[in-house]
Amino acid sequence: MESTTEQTVSWCPSGLADRPESVVLGVRSGEDGSVAYLAEPVPAKEVISLVPEGIEPRRILRFASHCESDCRQRVGTECGLVNRIVALPGPPRGSAVPRCHLRSQCMWWNQRGVDACHHCPAVSSLVSKDDDLGNLVADPSTTQEQLEAWIAAVG
Ligand code: SF4
């Protein structure tokens, strides 16, 4: 999915904050930390300095940056992370998806379509140590079977 042209470059919706192209995708809000998407991309460098000292920016914001071929989540030309994310329970099919400025260039959308959009708001790019499921999903070595077993075990 990597490309040298701006038209076809794929963007990661759980991206890094410190790349030259990084933008704020949305704000993590509410009790569950769901992402509220910005109507337009805002350069990350304009926002990072406004985050209070001592707070990891990814705790309160989601960033988008270019999908990188050496990302540990890459499996060939695909993103293994989004495949695990969409394996989790999510909103029913047919539910509305949030408006998102990134969609047309989003790696997750291009790979998993509307399923990715249904799950995307719940994703945090910063997983805490005590978030067992989050860590399982974030681990590139986790298999579909392991995820299903975890979900079945917690009911
Ligand atoms: S492989 Fe997935 S997690 Fe990694 S940069 Fe690309 S879209 Fe993001």
**In region 79-94, the residues that are touching a residue at least 60 places away in the same chain (Cβ under 8 Å) and near the ligand (Cβ under 9 Å from one of its atoms)** = C79, G80, L81
**Message:** Quick check on my filter: what residues within region 76-92 are touching a helix residue (DSSP H, G or I) at 6+ places or on another chain (Cβ under 8 Å) and either β-branched (V, I, T) or within 28 Å of A39 (Cβ to Cβ) (or both)?
**Reply:** C79, L81, V82, I85, V86, L88, G90, P91
**Request:** Report yes if R58 is at pLDDT below 95 and either over 17 Å from the mean Cα position of the chain (by Cα) or within 16 Å of the ligand (Cβ to nearest atom) (or both), otherwise no.
**Result:** yes
**Message:** Looking at region 63-79, can you tell me whether even one residue there is hydroxyl-bearing (S, T, Y) and in contact with a Lys or Arg (Cβ under 6 Å, 6 or more places away or on another chain)?
**Reply:** yes
**Prompt:** Counting only residues that are aliphatic (A, V, I, L, M) and within 16 Å of R28 (Cβ to Cβ), which one in region 110-137 is surrounded by the most Cβ atoms within 10 Å (Cβ to Cβ)?
**Reply:** V123
**Asked** Among (1) of a type in the set (A, V, I, L, M, F, W, C); (2) surrounded by 19 or more Cβ atoms within 10 Å (Cβ to Cβ); (3) not in a strand (DSSP E or B), where does L16 come up short?
**Response** (2)
**Request:** Considering only region 110-155, state which residues are in a loop (DSSP other than H, G, I, E, B), free of Cβ contacts under 8 Å to residues at least 12 places away in the same chain and more than 22 Å from I55 (Cα to Cα).
**Result:** G113, D139, S141, T143, G155
**Asked** Is it the case that region 24-33 has a residue that's surrounded by fewer than 19 Cβ atoms within 10 Å (Cβ to Cβ) and either touching an Asp or Glu at 6+ places or on another chain (Cβ under 7 Å) or in contact (Cβ under 8 Å) with a residue 60 or more places away in the chain (or both)?
**Response** yes
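The values are calculated or read from the model by the stated rules, or taken from the named source; none is laboratory data. All figures in this text were calculated on a predicted structure; none of them were measured in a lab. Glycine also receives a Cβ, built like all others from the backbone with ideal geometry; neighbour counts cover every protein chain displayed.
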